[in-house]
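The values are calculated or read from the model by the stated rules, or taken from the named source; none is laboratory data. Worth saying up front: this structure is predicted, and the values here are computed from it rather than measured. Cβ placement follows ideal geometry from the backbone for every residue including glycine, while neighbour counts extend to all protein chains displayed. Surface accessibility is based on the protein's heavy atoms, side chains included, excluding ligands, DNA and RNA. Shrake-Rupley method; radii C 1.70, N 1.55, O 1.52, S 1.80 Å.
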There are 2 protein chains.
Amino acid sequence: MGSLVHLQTWEEKAGWARAQRDASLAKVEPKLDGVPDAHNMPLSSQDLPKAVLTPREIEITEQYTITKLLGLLRDRKIKVEEVTRAFLRRAALAQAVTNCLTELLWDEAIERARHLDSLPEPRGALFGLPISTKEHHGMVGGMGKTKSVVTTSASFVAWHGGSNLLYDTFWDQGCVFFARTTQPQTIMHLETESNVYGRTVNPYNRELTSGGSSGGESALIGMRGSILGVGGDIGGSIRCPAAHVGIYGFKPSIKRVGTTGFRTPGAGKETISGCPGPMTVDRDGLELFMKVALSAKPWRVEPSLTVKEWTPYQFARPPKVAVQWWDGVVRPHPPMTRALREVAAACREAGMEVVDWDCEGLDHEKGWDILSALYWPDGGEEVLGLIKESGEPILPLTKFIIHEQPTVKELTQHELWQLCVKRDEYRARYAQAWSKTGNGGNREVDVILCPPSFGAAIPHGQSRYWGYTAHWNLLDYPAAVFPVTKVDPALDVKDLSYVPKNSQDKFVYDMYSPERFRNAPVSLQVVGRRQEDEKVLAALVEIERAMGRA
Amino acid sequence: MGSLVHLQTWEEKAGWARAQRDASLAKVEPKLDGVPDAHNMPLSSQDLPKAVLTPREIEITEQYTITKLLGLLRDRKIKVEEVTRAFLRRAALAQAVTNCLTELLWDEAIERARHLDSLPEPRGALFGLPISTKEHHGMVGGMGKTKSVVTTSASFVAWHGGSNLLYDTFWDQGCVFFARTTQPQTIMHLETESNVYGRTVNPYNRELTSGGSSGGESALIGMRGSILGVGGDIGGSIRCPAAHVGIYGFKPSIKRVGTTGFRTPGAGKETISGCPGPMTVDRDGLELFMKVALSAKPWRVEPSLTVKEWTPYQFARPPKVAVQWWDGVVRPHPPMTRALREVAAACREAGMEVVDWDCEGLDHEKGWDILSALYWPDGGEEVLGLIKESGEPILPLTKFIIHEQPTVKELTQHELWQLCVKRDEYRARYAQAWSKTGNGGNREVDVILCPPSFGAAIPHGQSRYWGYTAHWNLLDYPAAVFPVTKVDPALDVKDLSYVPKNSQDKFVYDMYSPERFRNAPVSLQVVGRRQEDEKVLAALVEIERAMGRA
């Protein structure tokens, strides 16, 4: 493979990174048998695991909830090594069909599993649980900094030495890190494509995106090549990919989960912040992640974090739910609206008060103008500089989020202050609107139910409207996504009489045809007021119960 | 007086503002009798109230704790109007001798008091309590913007209409606003001098400063012309003035108390933030302020605030106190060290564990380099522009905090990010040092006990070292100051053998002579970890009990 420092072109450097990944995958033992070659991949990858994996591997990777699997591991009814190997092989399969990994940690994971198996007593809230992680360390998209690619591996080794607060916490609780997943150029697309690893595809339909920026995680977990992964969300990067593959995802309020040791562009930028969070196969996994992450009191190490452990919320009576049918800018596709209708009906049936969240007067479009400028107060120069340094091409969705946003420019300090004032005024106005729902003897709305995207998983390259997730980043409202249904062309017909309201609405409207999205997972989003993280997950429990789920 | 818009020079505008103030003071009835003229003012103003006010006014203004006075008002054993008039007259006296007011709210306060007296039942946690406020609205120092001076009054009227979150809360709880107090040019001196109002002096010694930037409040409360005032603190602006007049002051963690409706330079700047807080004649007033301020759930209106009501803390065993004898940069004057010794001894006597806070390795000077740059990421251009616009002179302490800090310059966005990273790294390092006190079977330190200034009240113009307060702003640690003793030349002799460590240390050392500071109040400071606001006030209770106070 050679040493990275001798590589000259971006193509050589990207090739080196892929070779590293391939070498890690070549360790899989026994080899995967029965994976179709690239030209014969089926549209959906959902039937492949049964063809490739053993019945026992299928059982381990898809027949248990996280809680159940943790119980089996704790009771030593199953070896950590057996669980780890099953997920390693299934992750390798996920990579073969969705291109979701940057590295399979074969040796490291097995060594760790054997260590855990050798302990006299099981120890830790995550004992033996395999966890996959987004490739946070190192600027993958920007290949310019030779060192950063080296650091990509070096930093990971460093996790184990104590440089990453969140992963150290999970490690201390007995988890097994076993796979690292792809992210897009700049980590600022709602899809997952980079010049290093190419495109990650949706395990339900390879012509659709698995979302982004945590789209490697979503493709992997959507294949059940992992059951709990770590993502990060500054504009939808947990929720969008989770929604597109029908898994659970949670974006906490910022400053709730630590990022010490993470490596991302824009370090020190305070205008708008992301937050790490869970992506999981089941709802309980969300709360487990938060509980464990905060039990370590991370604010004692990263002092900007909120000083509050996870404090489960219990509704004394059924929550009051406000349904946001659209955001006043872009009309969601028919399956999203059907999902809202179905869930709202179930909530009413279960005795909840359900009202409309009429946000047209709240001007979400203005919110986007503020947010898109806040993303890049340097005009995007830092990330554009990294891209330029290596000579790699700027991908279309990078152009979209920097060059095609008229608000993006390098700001003076005074312009920055003015923009932050605008942001705070917008937040205050939204808070006021929420509080007003409690006026006049009404109960205040507990949570908003809304789509996490204008549609189900989107055809590649078309994720050019962020409003359904990013608006809650602007407001710093916690939000969870959960699976509801799948696109059904018989039910989700296109409204041919609809007249789009603006060019974005038209772009989204024109994209829809039921057949194009057939069987794509459809998810919804539950949103709470700032720092009401626990209430959001409690509301999700109530809503899913209303839907007839346990 | 004429209309402001026709005024041309800064002298005319400042004269107009003073005339407004004087007109408000001319309403005092009965007139103050027996106030010495300007040339015959005694060094200390402490004996003047008895000479000028009636015995009943003395009783009302100085013989009750805040809690006791609130009880009398609630039980209607005393009229709100009588209390209000007593404080109005005493405030007018404080103005005559210390120059601490920008406006006496004679008519408004009496009207408000009469309204409260007319209510069938007393209502609110602050029923009838007179509250003084720092002149937050309008850029007093920068006379350039004609409108801002008009707004100074207009905004105040607007409080009553609902534009200031904090004052609205107090208003809803039944308080009486009765006086507004001075602040320095730029609101960024640890003294109180402006081209509008001149200099505010210390009521214990007019040759010394009352501190700043809330030095109007401290002079007023130090004269008991008020018993509860509102200050704000971004570098010591509550604690320094409170310490210099021997009253109580508390700087909460930022984002705990709201600032919606306040008008200060640098709105939208996020690098380092101030926080409003109480300045009071007794300890219970601190907690009362916080409890009432947070009971209104201000985060529902100002969404960036921490979602947490005031949650009193109770020590299960005596707190562990670490004494910071010096900050590694500037040696405190002898009375400060004596106060530390006396209080530390009392704490030990009361069964507390008392250790040293050895912070030389923590490099407080580096902290100042970061902080001073963070104060002015625009190089100070905004406030310098306001000053330039009117043509008013730049005062020496303005020059000190902007021009004489080598770190201050207009930053690019990337330089800003790098500086914020440095700040966060510094905070993390300090947090780590604090956590380490709990290693190896030791109990972790609960609070740090330290001086709130290198000395007692400082001679005018000499407040050129901020380290003893500002360091806790950099770290966002909550901190309370409390009175301990007074400078006693017999006890607080100068150490003639001391060799200063650096030029700042020399400046501070050379300033000291016992006679110069005779009888100046000496206060100390209790500091807690970020967001442990409640613990700091609980520790203050324990420490004062150890000192034999109730």
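Just a yes or no: is a residue in the range A:280-292 open to solvent by less than 10 Å² (accessible area, probe 1.4 Å), within 24 Å of A:V383 (Cβ to Cβ) and under 14 Å from the mean Cα position of the chain (by Cα)?
No: zero hits.
List every residue pair whose Cβ atoms lie under 6 Å apart, where the two residues are 6 or more positions apart in sequence or sit on different chains, the first residue falls within the range A:12-25 and is over 15 Å from A:N195 (Cβ atoms), and the second residue, located anywhere, is part of a helix (DSSP H, G or I).
Hits for this filter: A:L25/A:A92.
Restricting attention to the range A:479-509, report how many residues are surrounded by fewer than 18 Cβ atoms within 10 Å (Cβ to Cβ) and among the aromatic types (F, W, Y).
Result for the range A:479-509: 2.
Can you find a residue that is in the same structural domain as A:L286 (by TED's automatic domain parsing), closer than 28 Å to A:N205 by Cα, assigned to a helix (DSSP H, G or I) and open to solvent by less than 20 Å² (accessible area, probe 1.4 Å) anywhere in the range A:23-46?
Yes, the range A:23-46 has at least one match.
How many residues, within the range B:535-550, are among the hydrophobic types (A, V, I, L, M, F, W, C), in contact with a Pro (Cβ under 6 Å, 6 or more places away or on another chain) and either more than 22 Å from B:R427 (Cα to Cα) or outside any helix (DSSP H, G or I) (or both)? It would help to see each step written out before you state the result.
Within the range B:535-550, the first condition is being among the hydrophobic types (A, V, I, L, M, F, W, C), and the residues that meet it are B:536-541, B:543, B:546-547, B:550.
If we keep only those that are in contact with a Pro (Cβ under 6 Å, 6 or more places away or on another chain) too, we end up with B:536, B:539.
From what's left, either more than 22 Å from B:R427 (Cα to Cα) or outside any helix (DSSP H, G or I) (or both): B:539.
Total satisfying the criteria: 1.
What residue, among those in the range B:237-259 that are assigned to a loop (DSSP other than H, G, I, E, B), in contact with a Gly (Cβ under 8 Å, 6 or more places away or on another chain) and small (G, A, S), is least open to solvent (accessible area, probe 1.4 Å)?
B:S237
Do you know which residues across the range B:357-388 are buried (at least 21 other Cβ atoms within 10 Å of the Cβ) and either free of Cβ contacts under 8 Å to residues at least 12 places away in the same chain or over 22 Å from B:Y468 (Cβ atoms) (or both)?
B:P377, B:D378, B:G380, B:V383, B:I387
Name the residue, out of A:F250, A:F262, that is under 22 Å from A:P184 (Cβ atoms), within 14 Å of chain B (Cβ to nearest Cβ) and touching a residue at least 12 places away in the same chain (Cβ under 8 Å).
A:F262
Can you tell me how many residues within the range A:508-534 are touching a strand residue (DSSP E or B) at 6+ places or on another chain (Cβ under 7 Å), within 14 Å of chain B (Cβ to nearest Cβ) and in a helix (DSSP H, G or I)?
0
May I ask you to list the residues in the range B:315-330 that are part of a loop (DSSP other than H, G, I, E, B) and touching a Phe, Trp or Tyr at 6+ places or on another chain (Cβ under 6 Å)?
The answer is B:Q324, B:V330.
Kindly evaluate A:E59 against the criterion of being farther than 30 Å from A:A457 by Cα and charged (D, E, K, R).
Considered against the rule, which asks whether it is farther than 30 Å from A:A457 by Cα and charged (D, E, K, R), A:E59 comes out as no.
Looking at (1) modelled with pLDDT of 95 or more; (2) open to solvent by 20 Å² or more (accessible area, probe 1.4 Å), which is the one condition that is false for B:H333?
Of (1) modelled with pLDDT of 95 or more; (2) open to solvent by 20 Å² or more (accessible area, probe 1.4 Å), only one is false for B:H333: (2).
Condition (residue is closer than 29 Å to A:G212 by Cβ and surrounded by fewer than 14 Cβ atoms within 10 Å (Cβ to Cβ)) applied to the range A:88-98: is it met by at least one residue?
No, the range A:88-98 contains no residue that is closer than 29 Å to A:G212 by Cβ and surrounded by fewer than 14 Cβ atoms within 10 Å (Cβ to Cβ).
Where residues in the range B:265-300 are modelled with pLDDT of 95 or more and within 10 Å of another protein chain (Cβ to nearest Cβ), which of them is farthest from B:R224 (Cα to Cα)?
Filtering the range B:265-300 for residues that are modelled with pLDDT of 95 or more and within 10 Å of another protein chain (Cβ to nearest Cβ), the one farthest from B:R224 (Cα to Cα) comes out as B:R300.
Please determine, by comparing only the residues of the range B:426-443 that are part of a loop (DSSP other than H, G, I, E, B) and either free of Cβ contacts under 8 Å to residues at least 24 places away in the same chain or within 26 Å of A:S273 (Cβ to Cβ) (or both), which one is least open to solvent (accessible area, probe 1.4 Å). I'd like the intermediate steps shown before the answer.
Step one: of the range B:426-443, the residues part of a loop (DSSP other than H, G, I, E, B) are B:437-443.
Narrowing the set further to residues that are either free of Cβ contacts under 8 Å to residues at least 24 places away in the same chain or within 26 Å of A:S273 (Cβ to Cβ) (or both) leaves B:438-442.
Working: B:G438: 29, B:N439: 86, B:G440: 81, B:G441: 83, B:N442: 89 Å².
Checking each candidate, the answer is B:G438.
Go over the candidates B:G391, B:G351 one by one and state the one that is surrounded by fewer than 16 Cβ atoms within 10 Å (Cβ to Cβ), modelled with pLDDT under 95 and among the small types (G, A, S). It would help to see each step written out before you state the result.
On the way: B:G351 fails: modelled with pLDDT under 95.
When all the criteria are applied, what remains is B:G391.
Looking for something more than 14 Å from chain A (Cβ to nearest Cβ) and either in a loop (DSSP other than H, G, I, E, B) or modelled with pLDDT under 95 (or both) - is there at least one such residue anywhere in the range B:473-482? Please lay out each step first, then the result.
Within the range B:473-482, the subset more than 14 Å from chain A (Cβ to nearest Cβ) is B:479-482.
Applying the additional criterion that residues be either in a loop (DSSP other than H, G, I, E, B) or modelled with pLDDT under 95 (or both) yields none.
Within the range B:473-482, not a single residue is more than 14 Å from chain A (Cβ to nearest Cβ) and either in a loop (DSSP other than H, G, I, E, B) or modelled with pLDDT under 95 (or both).
Can B:V343 be described as outside any loop (DSSP other than H, G, I, E, B) and outside the structural domain of B:I247 (by TED's automatic domain parsing)?
yes
Looking at this structure, is B:E410 over 27 Å from the mean Cα position of the chain (by Cα), under 27 Å from B:P184 (Cβ atoms) and at pLDDT 95 or above?
Judged against the criteria, B:E410 is a match.
Just one of the numbered conditions (1) over 24 Å from the mean Cα position of the chain (by Cα); (2) more than 14 Å from chain A (Cβ to nearest Cβ); (3) crowded, with 20+ Cβ neighbours inside 10 Å is not true of B:P303; which one?
B:P303 satisfies all of (1) over 24 Å from the mean Cα position of the chain (by Cα); (2) more than 14 Å from chain A (Cβ to nearest Cβ); (3) crowded, with 20+ Cβ neighbours inside 10 Å except (2).
At least 3 residues that are within 11 Å of chain B (Cβ to nearest Cβ) in each: list the helices (runs of 4 or more DSSP H) lying fully within the range A:359-425 that qualify.
Helices (runs of 4 or more DSSP H) meeting the threshold: A:381-390.
How many residues does the range B:182-209 contain that are crowded, with 24+ Cβ neighbours inside 10 Å and farther than 19 Å from B:E12 by Cα?
16
Condition check ((1) modelled with pLDDT under 80; (2) touching a Ser or Thr at 6+ places or on another chain (Cβ under 6 Å); (3) part of a loop (DSSP other than H, G, I, E, B)) across all residues:
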{"site": "A:S153", "(1), (2), (3)": "yes, no, no"}
{"site": "A:F156", "(1), (2), (3)": "yes, no, no"}
{"site": "A:H160", "(1), (2), (3)": "yes, no, no"}
{"site": "A:S163", "(1), (2), (3)": "yes, no, yes"}
{"site": "A:Q183", "(1), (2), (3)": "no, yes, yes"}
{"site": "A:E191", "(1), (2), (3)": "no, yes, yes"}
{"site": "A:V196", "(1), (2), (3)": "no, no, yes"}
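Would the range A:444-456 turn up any residue that is open to solvent by 20 Å² or more (accessible area, probe 1.4 Å), free of Cβ contacts under 8 Å to residues at least 60 places away in the same chain and within 14 Å of chain B (Cβ to nearest Cβ)?
No; the residues of the range A:444-456 include none that is open to solvent by 20 Å² or more (accessible area, probe 1.4 Å), free of Cβ contacts under 8 Å to residues at least 60 places away in the same chain and within 14 Å of chain B (Cβ to nearest Cβ).
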